[in-house]
Amino acid sequence: MQQVRIVVVAGDGIGPEVTREAQLVLDAVAGRHGLAIEFEEHLIGGASIDAHGTPLRDEVIERARASQAVLLGAVGGPKWDAMPVSTRPERGLLRIRKELGLFANLRPATVFPALAAASTLRPEIVGGVDLLVVRELTGGLYFGEPRGRATENGRRVARNTMVYDEDEVVRITRVAFEAARGRRKHVTHVHKANVLEVSQLWVEVVDEVAKEYPDVALAHQLVDSCAMLLVRDPARFDVIVTENLFGDILSDEAAQITGSLGMLPSASLGAGGIGLYEPVHGSAPDIAGQDVANPLAAILSAAMLLEHSLGAHAAAQQVRDAVTAVLEAGHRSADLLLPGERRESVGCRAMGELVRKRLMER
Ligand code: NAD
């Protein structure tokens, strides 16, 4: 048995509800795949502010560093909205991401056939969409120096700097190619090399790294045409790798294609080999405590954990297959019901149980 320690920071609102279902699903698959998982639960966000006066304690960061992976729910809520920005729940989230040196953000956008009608695009366009955006998270325009505002010659001026060194490009490119190896073996690098020197460096370095992966095909795509292709023919993409700003925009665009916030998982991978896994949605205070949240984004985040932190590819696929089967069987949480659809919705716990039942049947 492989011993695994996972730090769980469920957070606020629906965070604890959906994270619990993700933990139970991990428990359900672990044994059969030679994994003995030990969960260690800690507070983050508003819950930590209430108990300890800070959104994230140093001790939790230490425990996270000593673990193999972190499973996160969501943070925030109206109770803490009036607090100064520097002490709000979101600070806990930003801090754990920073302290773990998470430089790669992985956002899959998968259209489950049973949910194709939820997309704002036509079903024949979104059918078969299964793509992964790998976004560089710690460099580029959001962090480059010099930056700031000034008054020059009596006029207001603002500047930001897009800067990358080759090592930053190499490591994120490797993440993308490794991910592609477990998928359809195609990477699209998105850039603006016709205008930006930074992008020219990326094209050069991505080409060099690609030589280490002769089994994976590579294409370079301008960011403006990529944005168009994502709504015209999204099924053509497998893995998209790109710098921070382009990735920020394209990952949201790709997510919107699926039409279901409650279905979107994410992973962030760190330099120290630790991964952090969380649903894309927030703490949804409007539905917290009612057992109506959709736990599938959290459960699919757990599948990403199995894959990227534990190398348990078969277990990850089983979880995804179980989710697909539950949806195919017609089960829907309230957020997945289409306007006017007359179907009984299932609650958070019941949805988690349906997934686990499918897993047990295998
Ligand atoms: P949200 O994602 O929490 O909710 C948006 C809408 O989607 C709400 O109507 C909500 O009920 C619904 N929804 C979200 N997840 C759902 C799920 N799993 N099942 C069913 N319905 C779901 O975004 P928001 O309302 O803008 O923010 C609420 C709080 O969450 C704020 O405090 C915000 O700061 C925080 N937030 C946290 C994160 C994070 O922790 N990563 C991300 C976004 C927002």
Please count how many residues of the stretch 305-322 are surrounded by 23 or more Cβ atoms within 10 Å (Cβ to Cβ) and under 20 Å from LEU261 (Cα atoms). 3
Give, as residue ranges, the helices (runs of 4 or more DSSP H) completely inside the stretch 1-88 that count at least 2 residues that are under 24 Å from ALA322 (Cα atoms) and over 20 Å from the mean Cα position of the chain (by Cα). 15-30
Of all the residues that make up the stretch 43-60, how many are within 15 Å of the ligand (Cβ to nearest atom) and buried (at least 19 other Cβ atoms within 10 Å of the Cβ)? 9
Can you tell me how many residues within the stretch 65-107 are open to solvent by less than 60 Å² (accessible area, probe 1.4 Å) and more than 16 Å from the ligand (Cβ to nearest atom)? 5
Can you name every residue in the stretch 324-351 that is within 13 Å of the ligand (Cβ to nearest atom) and of a type in the set (Val, Ile, Thr)? VAL346
List the number of the failed condition for LEU300; all other conditions in (1) within 14 Å of the ligand (Cβ to nearest atom); (2) within 21 Å of GLY92 (Cβ to Cβ) hold. (2)
Which condition number does GLY259 fail, the rest of (1) more than 30 Å from VAL4 (Cα to Cα); (2) within 16 Å of the ligand (Cβ to nearest atom); (3) surrounded by 21 or more Cβ atoms within 10 Å (Cβ to Cβ) being met? (3)
Selection within the stretch 150-172 - surrounded by 10 or more Cβ atoms within 10 Å (Cβ to Cβ) and of a type in the set (Ser, Thr, Tyr): THR161, TYR164
Within the bounds of the stretch 130-149, is there any residue that is open to solvent by less than 30 Å² (accessible area, probe 1.4 Å) and part of a helix (DSSP H, G or I)? yes
Among residues of the stretch 174-207, those that are among the polar types (S, T, N, Q) and open to solvent by 10 Å² or more (accessible area, probe 1.4 Å), counted: 2
Which is open to solvent by less than 30 Å² (accessible area, probe 1.4 Å), within 16 Å of the ligand (Cβ to nearest atom) and not acidic (Asp, Glu), of ALA254, ALA288, ALA267, ALA210? ALA267
Starting from residues that are within 10 Å of the ligand (Cβ to nearest atom) and open to solvent by 10 Å² or more (accessible area, probe 1.4 Å), keep the ones in the stretch 271-282 and report whichever is farthest from ARG107 (Cα to Cα). GLY282
Go over the candidates LYS185, LYS211, LYS192 one by one and state the one that is among the basic types (Lys, Arg), assigned by TED's automatic domain parsing to the domain that holds VAL133 and touching a Leu at 6+ places or on another chain (Cβ under 7 Å). LYS192
Looking at the stretch 293-302, is at least one residue at pLDDT below 95 and open to solvent by less than 20 Å² (accessible area, probe 1.4 Å)? no
Any chance ASP27 is away from the ligand (no atom under 16 Å from the Cβ) and open to solvent by 10 Å² or more (accessible area, probe 1.4 Å): yes
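The values are calculated or read from the model by the stated rules, or taken from the named source; none is laboratory data. Values in this document were obtained by computation on a predicted structure and should not be read as measured data. Positions of Cβ are generated from backbone atoms using ideal geometry, with glycine treated the same way; all protein chains shown enter the neighbour counts. SASA here: full protein model, heavy atoms, side chains in, ligands and nucleic acids out. Shrake-Rupley method; radii C 1.70, N 1.55, O 1.52, S 1.80 Å.
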